[in-house]
Amino acid sequence: MTPRVWQVRLRSLFGWSGLALGSWAFCLLVLQVLFGQQLEQLQTVQLGRDLALNVRLTELALERYPPHLVTELTGLDLTVAIHPKSVQKIPSAGFQRQAKALQTQLCERLSHCPMVVADQDHEGERGIWIELISPLEPIWLRVNVRAPMSWPPEPTLLGLSLVGAGMICGGLFLLVEVEAPLRGLEKALSRVGDGIDPDAVPARGAPEVQRLTRRFNAMVRRLAANRNERATMLAGIAHDLRAPITRLQFRLSLPQLSAKERERCAGDLQSLERITGQFLLFAGGGDEELSVPVPLDQLLAEVASSHPADQLQLQLDTFEVMVKPVALSRAVANLIDNAFTYGQAPVVLRLLRTADQCSIEVWDQGDGMPQHLFEQALQPFHRLDSSRGGQGHCGLGLAIVVHVARLHGGYLDCRYADGLNDSKVPGRFAIRLSLPIDLMVQNVAKS
């Protein structure tokens, strides 16, 4: 690994370590606040039980031995006095409540109810004086008492806080190191599915996610290289076809050819020109074109102007839309040409606007293609033998239309008049190019 990678990993390690410690302290504080009172009561009960036992044993020892000897033998802090040592610092209200609770516990466990006095010095050390029963003189026993919130905390709270910190760190780790990078990878993958080359995704997150990201970036680079190779190959083929087309055009200009041969050569020339144009379009034409606001009805009318009005009828709503005009014109021209080639005239070009989209429909009077073969017809270089018979077709017409539809965020489908209840349907079969409504920029009111 490079030094930079090690630095990144060390920073990540230190960051997660600090987060773990902070989460543990936070959980411990929350647990102390939530369960501190219950634990204090349990501690008071346990301490009261221990103190009651010590008091009974000390009182039994004092019946036979003097106080100083009991102190030397047991290490207990005993004082002979009518009252215990003077309190050096006024005990806090919480400590006084604890002393009162301990007195209650002693009264319940002893045959008598001893006096208990809270004592706290200036260093913060806390203790209580307990009056003992002695046959000769008054004796007090001093016992140190730990504050309920003192360090170290209860083992139960420590364990629960560690579990809570582990859950917090685990959830944040999944969110930051796994879920967020995977979400970015998902967005980039969706762009690849739309035919767009995304930028390289930064390799971040868990090591496994980084390896997955690096492999995804390598895949995108390979796809882009393959796409460039395909475009170069198709452009080269189209370029190579230009030379024989030019020679055919020159021969057609010679006067020695008969009318029949001239007509045949002209037909071959048109076929070659069509194939060349289709290859150039499929090689990526329109990908770099910018979207501009265009009156869509005028654009479609211009595309249809090369056909006779009695053969191609127009039913166009009027509105403006953001499109790639050259690419969309070529796509619509392909649909019209397919309708004339494989269907029956008259062909109707219809433009409609609905609530959520606009639709460009090309209707003809033919039987159309079977529904189950429609998806096959959209594949590049795919021919349907039952419906293909014209010259100059290389199986790219509908594939180019699909590509243009995806460039605009739309889709392509087919319609049959038999399945519609609309009496105004202008034909028997149509291919529809639908564009999303959010592409529209404004309506254009025209008289």
(message) Being in a loop (DSSP other than H, G, I, E, B) and in contact (Cβ under 8 Å) with a residue 12 or more places away in the chain is the filter here; which residues of region 54-80 pass it?
(response) GLU63, LEU76
(request) For ASP119, work out the one condition from (1) more than 12 Å from GLU131 (Cα to Cα); (2) out of contact with any strand residue (DSSP E or B) (no Cβ under 6 Å at 6 or more places or on another chain); (3) not in a helix (DSSP H, G or I) it doesn't fulfil. (result) (2)
(request) Tell me, yes or no, whether region 106-114 has at least one residue that is part of a loop (DSSP other than H, G, I, E, B), out of contact with any strand residue (DSSP E or B) (no Cβ under 8 Å at 6 or more places or on another chain) and among the hydrophobic types (A, V, I, L, M, F, W, C). (result) yes
(message) Report every pair of residues separated by at least 6 positions or lying on different chains whose Cβ atoms are under 8 Å apart, first residue within region 206-223 and within 30 Å of GLY170 (Cα to Cα), second surrounded by fewer than 18 Cβ atoms within 10 Å (Cβ to Cβ) and charged (D, E, K, R).
(response) GLN210/ARG204; THR213/ARG204
(message) Suppose we keep only residues that are open to solvent by 40 Å² or more (accessible area, probe 1.4 Å) and either polar (S, T, N, Q) or at pLDDT 90 or above (or both) within region 412-437. Which one would you say is farthest from the chain's Cα centre (by Cα)?
(response) SER423
(request) Could you tell me which residue of region 13-28 is nearest to SER111 (Cα to Cα), considering only residues that are among the small types (Gly, Ala, Ser) and surrounded by 14 or more Cβ atoms within 10 Å (Cβ to Cβ)? (result) SER23
(request) Check region 41-53 and report whether any residue there is outside any helix (DSSP H, G or I), of a type in the set (Gly, Ala, Ser) and without any contact (Cβ under 8 Å) to a residue 60 or more places away in the chain. (result) no
(message) Which pairs turn up if I take residues in region 19-36 that are among the small types (Gly, Ala, Ser) and look for partners that are modelled with pLDDT under 80 and open to solvent by less than 100 Å² (accessible area, probe 1.4 Å) with beta carbon separation below 9 Å, at least 6 apart in sequence or on another chain?
(response) GLY36/PRO148; GLY36/LEU157
(request) Look at region 154-212 and say how many of its residues are at pLDDT 80 or above, among the polar types (S, T, N, Q) and under 29 Å from GLN38 (Cα atoms). (result) 1
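Can you name every residue in region 29-80 that is of a type in the set (S, T, N, Q) and open to solvent by less than 90 Å² (accessible area, probe 1.4 Å)? Full working, then the answer.
Filtering region 29-80 for residues of a type in the set (S, T, N, Q) gives 32, 37-38, 41, 43-44, 46, 54, 58, 71, 74, 79.
Across region 29-80, the qualifying residues are GLN32, GLN43, THR44, GLN46, ASN54, THR58, THR71, THR74, THR79.
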(message) One residue is enough: does region 286-298 have a residue meeting the conditions of a type outside the set (Asp, Glu) and at pLDDT below 70?
(response) yes
(message) Of all residues being in a helix (DSSP H, G or I) and in contact with a helix residue (DSSP H, G or I) (Cβ under 8 Å, 6 or more places away or on another chain) in region 81-103, which is surrounded by the fewest Cβ atoms within 10 Å (Cβ to Cβ)? Just the residue, please.
(response) ALA101
(request) Determine, yes or no, whether ARG214 is open to solvent by 40 Å² or more (accessible area, probe 1.4 Å), out of contact with any strand residue (DSSP E or B) (no Cβ under 8 Å at 6 or more places or on another chain) and closer than 30 Å to GLY18 by Cα. (result) yes
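Where in region 317-402 are there strands (runs of 3 or more DSSP E), lying wholly inside it, with at least 1 residues that are at pLDDT below 90 and among the polar types (S, T, N, Q)? Don't jump to the end; show me each part of the working.
Values: elements: 320-323, 347-353, 357-364.
Result: 357-364.
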(request) Report the residue count in region 365-376 for those that are within 25 Å of ASP310 (Cβ to Cβ) and either open to solvent by 10 Å² or more (accessible area, probe 1.4 Å) or of a type in the set (A, V, I, L, M, F, W, C) (or both). (result) 3
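The values are calculated or read from the model by the stated rules, or taken from the named source; none is laboratory data. As the structure is a prediction and not an experimental result, all values here were calculated from the model. Cβ sites come from the backbone with ideal geometry, for glycine too, and all protein chains shown count toward neighbours. Side chains are part of the model used for accessible areas, which takes the heavy atoms of the whole protein and leaves out ligands, DNA and RNA. Shrake-Rupley method; radii C 1.70, N 1.55, O 1.52, S 1.80 Å.
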